[in-house]
There are 2 protein chains.
Amino acid sequence: MAMSSTNFKHDLFTQFARVGKALGNGNRLELMEFLAQGERSVEELSKVAGLTVANTSQHLQQLRLTGLVTSRKEGLKVYYNLSGNDVITLLDALRQVAERHLSDVERLVNTYLTVKDSLEPIPRVELLARVRNGLVTVLDVRPPEEYAAGHVPGAINIPLQELEQRLGELGEEQEIVAYCRGPHCVLAFDAVARLREKGLRARRLEDGYPEWKTAGLPVEGKPTGS
Amino acid sequence: MAMSSTNFKHDLFTQFARVGKALGNGNRLELMEFLAQGERSVEELSKVAGLTVANTSQHLQQLRLTGLVTSRKEGLKVYYNLSGNDVITLLDALRQVAERHLSDVERLVNTYLTVKDSLEPIPRVELLARVRNGLVTVLDVRPPEEYAAGHVPGAINIPLQELEQRLGELGEEQEIVAYCRGPHCVLAFDAVARLREKGLRARRLEDGYPEWKTAGLPVEGKPTGS
DNA sequence: ATTGTATTCAAGTGATTAGTTGATTAATAG
DNA sequence: CTATTAATCAACTAATCACTTGAATACAAT
């Protein structure tokens, strides 16, 4: 009794570490990354992550106990959601550190994607210039409703599930730039990977549609004020 | 062979999780928090964290493997350092999420510190006003060199190690506001805890000296341009 | 009530992790 | 060369974690 300051500090770090631990599993990160797109049920989550429902539920509860996600019951289903923007910030920071400092990440990207910087996102301004010159095919992988509400000019809308069937709609030669809701949207990431598998040249747009719009760049779809 | 996109995603998340795992231990977090103040040797680190040297070394190597810290050998000693500002950003995000979402953290703070908001940092502007009115004693817990280079006007410089001996220099009645290098500096945090133990009223300055200075508030010490 | 569906709980297994201890490797000084 | 110091390595134990399996809730429809 006199080291209570040390104890306090220790306990506090232990609490912080609980959050860290929650981030220490790839499946949980994938679940959260998916939740960053919006509310999902346990079943949906288990499917995209390729886990059993029970396992998914356990991961989600772990996340809930550390305050990273919240849940809401509606009828039979339980819907989970990220518990705030600070969680997205945290995931972003984690991703950034990993990409910058883990050489394995770089190696992975290089191994799986033939062209070295194919995963490097294309900046908004650059895309705009190329769109104007007709140099790229812009691919919007969001659900049709969102596409209808507004999209990058000239973008083709193909939800991820339909991508494989509708490959024909994309030019074989031109570079494709995929985007969805934001930098955390796995859809665009996934789309790029699949397109590359088919031998097409594809990259992601840096960020997503919301950022494009708030940056004041032109949009098509329902008029929104400009 | 056809699900390589899934494999890729999985592997990538596994890599991200490595960074998360590194954050999943209180001792490692404490080590990094300490490193946020600057370069330290293994021995120093083991002391402040209260770990054996071997154990500290193992933790540090784990952090190095995930790219969170770097090391540099000079003579007999090995000095560790955070590997970039993005790591500080990450730690910040982690702390924020934990403080906001983990009710245990709040409870901890309430339990250990008698006055509920004693750990709540005092904003810069508020401090400035109180300093002018002579209502607070400002305590600078940084090393003397840094104090000499510039400090909050009227601040007393007592490095943490000397705090217990030099308690007399601080008024018994007045509230004390401690600060050091930045929001991550454990020194101020620690100083507040120790002072409270002695029955003094103490709080931390929001952020630290660099922020104070860049906010354009007055400083004492070597003239820096204003 | 009975059936079906979505989720959670409980128990168990193999793998990973944190920490200890004692030996080992480097750099420096006498 | 020998001794000393700082750090790392290697081997081990207890604790924790990820995942599986099968049972148990909770809600909705019939």
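Taking interchain pairs and intrachain pairs at least six residues apart, which have beta carbon atoms under 6 angstrom, with the first residue in segment A:43-55 and more than 12 Å from chain B (Cβ to nearest Cβ) and the second open to solvent by 60 Å² or more (accessible area, probe 1.4 Å)?
So the pair list comes out as A:SER46/A:VAL53.
For segment A:132-168, enumerate the residues that are of a type outside the set (Val, Ile, Thr), within 19 Å of the chain's Cα centre (by Cα) and not in a loop (DSSP other than H, G, I, E, B).
A:LEU139, A:ASP140, A:PRO144, A:GLU145, A:GLU146, A:TYR147, A:HIS151, A:ASN157, A:LEU160, A:GLN161, A:GLU162, listed by residue number.
Working only within segment A:113-127, note down all residues that are surrounded by fewer than 16 Cβ atoms within 10 Å (Cβ to Cβ) and modelled with pLDDT of 75 or more.
Taking segment A:113-127 as the starting set, the residues that turn out to be surrounded by fewer than 16 Cβ atoms within 10 Å (Cβ to Cβ) are A:114-117, A:120, A:123, A:125-126.
Listed by number, the residues that qualify are A:PRO123, A:VAL125, A:GLU126.
Could you run through segment A:48-60 and say how many residues are within 13 Å of DNA strand D (Cβ to nearest atom), assigned to a helix (DSSP H, G or I) and surrounded by 14 or more Cβ atoms within 10 Å (Cβ to Cβ)?
Pass one, segment A:48-60, residues within 13 Å of DNA strand D (Cβ to nearest atom): A:49-60.
Now drop any that are not assigned to a helix (DSSP H, G or I), which leaves A:49, A:53-60.
Still in the running and surrounded by 14 or more Cβ atoms within 10 Å (Cβ to Cβ): A:49, A:56-57, A:59-60.
Residues meeting the conditions: 5.
Inspect segment B:15-22 for any residue being of a type outside the set (D, E, K, R), open to solvent by 40 Å² or more (accessible area, probe 1.4 Å) and assigned to a helix (DSSP H, G or I) and give the result as yes or no.
no
Hey, can you tell me all the residues within segment A:23-47 that are of a type in the set (Gly, Ala, Ser) and assigned to a helix (DSSP H, G or I)?
Here is the first cut: in segment A:23-47, the ones of a type in the set (Gly, Ala, Ser) are A:24, A:26, A:36, A:38, A:41, A:46.
Once the filter is applied, which keeps residues that are of a type in the set (Gly, Ala, Ser) and assigned to a helix (DSSP H, G or I), segment A:23-47 yields A:GLY26, A:SER46.
Can you confirm whether A:GLY26 is facing chain B (nearest Cβ under 7 Å) and either within 9 Å of DNA strand C (Cβ to nearest atom) or open to solvent by less than 50 Å² (accessible area, probe 1.4 Å) (or both)? Spell out how you get there, then give the answer.
Values: facing chain B (nearest Cβ under 7 Å): yes; either within 9 Å of DNA strand C (Cβ to nearest atom) or open to solvent by less than 50 Å² (accessible area, probe 1.4 Å) (or both): yes.
Spelling it out, A:GLY26 is indeed facing chain B (nearest Cβ under 7 Å) and either within 9 Å of DNA strand C (Cβ to nearest atom) or open to solvent by less than 50 Å² (accessible area, probe 1.4 Å) (or both).
Which of the residues that make up segment B:61-79 are assigned to a helix (DSSP H, G or I), within 7 Å of DNA strand C (Cβ to nearest atom) and at pLDDT below 95?
Kept after step one, since they are assigned to a helix (DSSP H, G or I), are these residues of segment B:61-79: B:61-65.
Checking the rest, the ones that are also within 7 Å of DNA strand C (Cβ to nearest atom) come to B:62.
Hits for segment B:61-79: nothing passes.
The values are calculated or read from the model by the stated rules, or taken from the named source; none is laboratory data. Computed from a predicted structure; not experimentally measured. Cβ coordinates were reconstructed from backbone atoms using ideal geometry, including for glycine residues, and neighbour counts include every protein chain displayed. The protein model used for the area step is the full one, side chains on, heavy atoms only, and it has no ligands, DNA or RNA in it. Shrake-Rupley method; radii C 1.70, N 1.55, O 1.52, S 1.80 Å.
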